[in-house]
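The values are calculated or read from the model by the stated rules, or taken from the named source; none is laboratory data. Remember, it's a predicted structure, so these values are computed and weren't measured experimentally. Positions of Cβ are generated from backbone atoms using ideal geometry, with glycine treated the same way; all protein chains shown enter the neighbour counts.
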Amino acid sequence: MFEPIQLKSFLAVVETRSFTEAARRLGLSQPTISNHVRRLEIAVGRALLARDTHTVTPTSDGNVMATYARDIVAAMERAAGHFLEAVPRGRLRLGISEDLVLTRLPEILRQFIQQNPQVDLDLTVGLTTPLYEKLDSGRLDLIFTKRRADDPRGQVVWTERLAWIANRHLRIDQGASVPLVVYTSSSITGDKAIDALNRSGMQWHLACSSGSLSGIRAATLAGLGVTAQSRLLLSDDLVELPPGDELPLLDEIEFVVLGRSIHLAGSSAALASLIKSQAALLAPATSTGSALLDSLRVSGGT
């Protein structure tokens with residue numbers, strides 16, 4: 001018999017290639033993760049991981065065990081979800097990115113609370129990276145935010161291409177250095193803006209940095225520079241600058257809901273389902289996504 005926590009610890013190491021990152025993901029100490037893997041290796045009588053001072057990689061037996069472990073963990077989660085009470089209840093810790101405060105998400109959350117009076121909703125609003133960290137450390141149960149690069153987890157609510165956004169009176173001359181407004185720390189939107197400018201060979205400089213979306217919005221409203229953001233930020237005074245000679249085309253981003261396990265259950269599953277079903281109320285008009293397209297077809301759109 002294999003202990004579920006040993007399997008989960010082993011899979012976390014395989015997926016992150018790091019005992020430290022695996023410990024952070026599961027909210028455990030690194031020695032605990034190492035002990036779980038060691039006990040699993042003793043149980044199977046095989047070495048499952050090859051370690052050196054720089055890397056951790058699964059052995060051939062480790063790759064086989066990883067396949068079995070994923071199936072075992074998934075089956076256990078499905079069984080647990082099946083036998084949960086039909087009526088969601090208890091505390092649900094939800095994290096959302098700041099962009100979504102600008103949408104009709106509060107209406108959807110109010111609807112969820114009315115439909116599920118036995119659920120206590122605990123809301124955290126923040127930036128994408130800290131939300132992922134809190135989810136992986138067990139401090140949040142569900143997050144609704146942008147998808148991180150190279151992280152396949154989550155159910156897509158909508159997809160959109162980032163927009164260059166600026167004060168309606170700001171003008172950027174062709175060939176001039178682009179004044180950029182970004183978050184203080186590395187962010188999905190800031191990284192994509194800088195990558196697009198660097199790929200195009202355009203010059204740019206940091207005009208302003210802020211640790212919050214409200215600061216980004218204030219600096220952009222003041223005309224200090226341009227920012228790459230979701231079209232959720234557009235308003236009468238903040239307009240989209242079309243890509244062209246002055247600005248390059250930006251990459252797409254995905255807004256996703258994801259929980260602490262692949263198969264959501266209980267209140268997490270109920271809220272994720274409601275959010276996806278109401279995507280048309282949340283996403284900018286130019287966005288795409290399975291849930292959004294289904295909503296438009298039902299309402300008679302194309």
Subject >> Qualifying residue in the stretch 21-32 (condition: out of contact with any strand residue (DSSP E or B) (no Cβ under 9 Å at 6 or more places or on another chain), on the phi > 0 side of the Ramachandran plot and modelled with pLDDT under 90) >> reply: yes
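Taking Leu206, is it at pLDDT 90 or above, in a loop (DSSP other than H, G, I, E, B) and on the phi < 0 side of the Ramachandran plot?
Values: at pLDDT 90 or above: yes; in a loop (DSSP other than H, G, I, E, B): no; on the phi < 0 side of the Ramachandran plot: yes.
So Leu206 does not fit the description; no.
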**OP:** With the condition kept exactly as written, say whether any residue in the stretch 167-175 is under 30 Å from Ala280 (Cα atoms) and either in contact (Cβ under 8 Å) with a residue 24 or more places away in the chain or in contact with a Cys (Cβ under 7 Å, 6 or more places away or on another chain) (or both).
**Re:** yes
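Can you tell me which residue in the stretch 270-283 is surrounded by the most Cβ atoms within 10 Å (Cβ to Cβ), limited to those that are within 18 Å of the chain's Cα centre (by Cα) and either in a loop (DSSP other than H, G, I, E, B) or at pLDDT 90 or above (or both)?
Narrowing the stretch 270-283 to residues within 18 Å of the chain's Cα centre (by Cα): 271-276, 279, 282-283.
Those left that are additionally either in a loop (DSSP other than H, G, I, E, B) or at pLDDT 90 or above (or both): 271-276, 283.
Values: Leu271: 27, Ala272: 21, Ser273: 15, Leu274: 16, Ile275: 25, Lys276: 22, Ala283: 23.
That would be Leu271.
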Original post:
Within the stretch 75-86, can one find any residue that is assigned by TED's automatic domain parsing to the domain that holds Ser9 and surrounded by 16 or more Cβ atoms within 10 Å (Cβ to Cβ)?
Top reply: yes
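Return the residue satisfying two criteria in turn: it lies in the stretch 1-39 and is among the basic types (Lys, Arg) and over 20 Å from the mean Cα position of the chain (by Cα), and of such residues it is nearest to Ala80 (Cα to Cα). Quick ask: steps written out before the conclusion?
Quick first cut of the stretch 1-39, residues among the basic types (Lys, Arg) only: 8, 17, 24-25, 38-39.
Right, trim to over 20 Å from the mean Cα position of the chain (by Cα) and you get 8, 17, 38-39.
Details: Lys8: 16, Arg17: 28, Arg38: 27, Arg39: 25 Å.
By that ranking, first place goes to Lys8.
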Original post:
List, please: which pairs have Cβ atoms under 7 Å, are six or more places apart or on different chains, and start with a residue in the stretch 180-207 that is of a type in the set (A, V, I, L, M, F, W, C) and end with one that is assigned to a helix (DSSP H, G or I) and at pLDDT 90 or above?
Top reply: Leu180/Ala193; Val181/Ile216; Val181/Ala219; Val181/Thr220; Val182/Gly190; Val182/Ala193; Ile188/Thr128; Trp204/Leu197
**OP:** Tell me which residues, restricted to the stretch 160-187, are under 30 Å from the mean Cα position of the chain (by Cα), more than 18 Å from Ser214 (Cβ to Cβ) and modelled with pLDDT under 90.
**Re:** Ser186
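Take the conditions buried (at least 16 other Cβ atoms within 10 Å of the Cβ), in contact (Cβ under 8 Å) with a residue 40 or more places away in the chain and not acidic (Asp, Glu) and apply them to Arg93. Does it pass? Explain how you work it out, then say what you get.
Values: buried (at least 16 other Cβ atoms within 10 Å of the Cβ): yes; in contact (Cβ under 8 Å) with a residue 40 or more places away in the chain: yes; not acidic (Asp, Glu): yes.
So Arg93 passes the test.
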